[in-house]
1. What residues have an amide H closer than 5 Å to that of Ala176, excluding those fewer than 5 places away on the same chain, when H is modeled at 1.01 Å from N in the peptide plane?
2. Give me, ordered by chain and number, the residues 5 or more places off Gly124 or on other chains with an amide H under 5 Å from its own placed amide H.
3. Among residues other than Leu198 whose Cβ falls under 15 Å from its Cβ, what is the net charge (Lys/Arg +1, Asp/Glu -1)?
4. How far apart, in nanometres, would the label points at Tyr277 and Thr12 be if each is projected 7 angstrom from Cα along the Cα-to-Cβ direction?
5. Calculate the all-directions average of the projected area of the stretch 59-188's alpha-carbon convex hull, and give it in nm².
6. How big is the stretch 13-63 on each of its three principal axes, counting only the C-alpha atoms and giving the largest first in Å?
7. Which semi-axes, in whole Å and largest first, does the equivalent ellipsoid of the stretch 45-293 have when worked out from the alpha carbon gyration tensor as the square roots of 5 times its eigenvalues?
8. In whole angstrom, and with the biggest value first, how far do the Cα coordinates of the stretch 155-203 range along each principal axis?
Amino acid sequence: MSIFTGEYSAATCEVCPRRCGIAPGALGACRARRNVGGVVVPENYGRVTSLALDPVEKKPLARWRPGSYVVSVGSYGCNLACPFCQNHQISQHGQKDVPWRELSPEGLVALIADAAARDPRVVGVAFTYNEPLVGWEYVRDASRLAHERGLATVLVSNGCADQRVIDGLAPLVDAANIDLKSLSPEFYEACGAPEGALDAVRATIEQLAAEPGCYLEVTTLVVPGMNDSEDGMDGIAGWLADLNGGRGADELTLHITRFFGRWRMADAAPTPPETVYRLADVARRHLSHAFVGNC
Ligand code: SF4
């Protein structure tokens, strides 16, 4: 599959709706992909900034293999710039600004297989922390190897990617948690998202919900004054409940999580817990499984 177009030495990246036109030798807006010789390549491939053993509930996945653990791995770069990003140290920086070390897909999977051999609660890998889809080729290659070793794969993502990227990854993902920040394009705009981002996120959620081998949960972070209305939450939960493709309202889980001030909104007050609980009640009008987080 080729999803890049190059003309002369400039190149257009089609991995996400931003469609960066990248000058020779330059980086795209996500800081993860560079134009090398007229071809956009994932410069962050195999460059790991974060590695940790996490309970799956922390991803969050509430109803997928509860009690198990995954090795969480992240690189650098993101195609959004949410002003409240809790991982801005790696998501909003490139290779010059953040410490990283090389870890090939083979090395990563060997490490996880070793961990699983020592502790049967370790079931696989989670691609997380920065935005995994801006370096989707690493997710693809490591996921294939993980499956060959009988390990599970988890994707934690903003979901803002070209359909062809999701086409390539969906069969390789055993469980996913995708952010649905809002159903308002203006909210995504406030997160530095390109035009079409919300449509791309919705398409990703629809596709993963319909993917037979992929278990899906969704997260909405509630930011005071930005997406904390009952109407907004009613719309999100109603849309999720209407998704078909083999999954019904009883199957899909929504996490409604509490915001704490970070990065450019470091001074903002946290979401009142009662707001999160109230919005969870609103979501339960449509969904059987709506959980609060960070409360
Ligand atoms: S993934 Fe998106 S932000 Fe990154 S270079 Fe490609 S089009 Fe630009």
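1. It is Leu155, Tyr215, Leu216, Glu217, by chain and number.
2. Here Val71, Ala152 satisfy the definition.
3. Counting the neighbours of Leu198, the net charge comes to -4.
4. 5.1
5. 8.6
6. 44, 23, 13
7. Semi-axis lengths for the stretch 45-293 are 28, 21, 17 Å.
8. Principal-axis extents of the Cα atoms in the stretch 155-203, largest first: 32, 19, 14 Å.
Here, each number is a calculation from the coordinates, and none is a lab measurement. If you're wondering where the values come from, they're calculated on a predicted model, not measured in any experiment. All Cβ positions, even for glycine, are placed from backbone atoms using ideal geometry, and neighbour counts span all protein chains on display.
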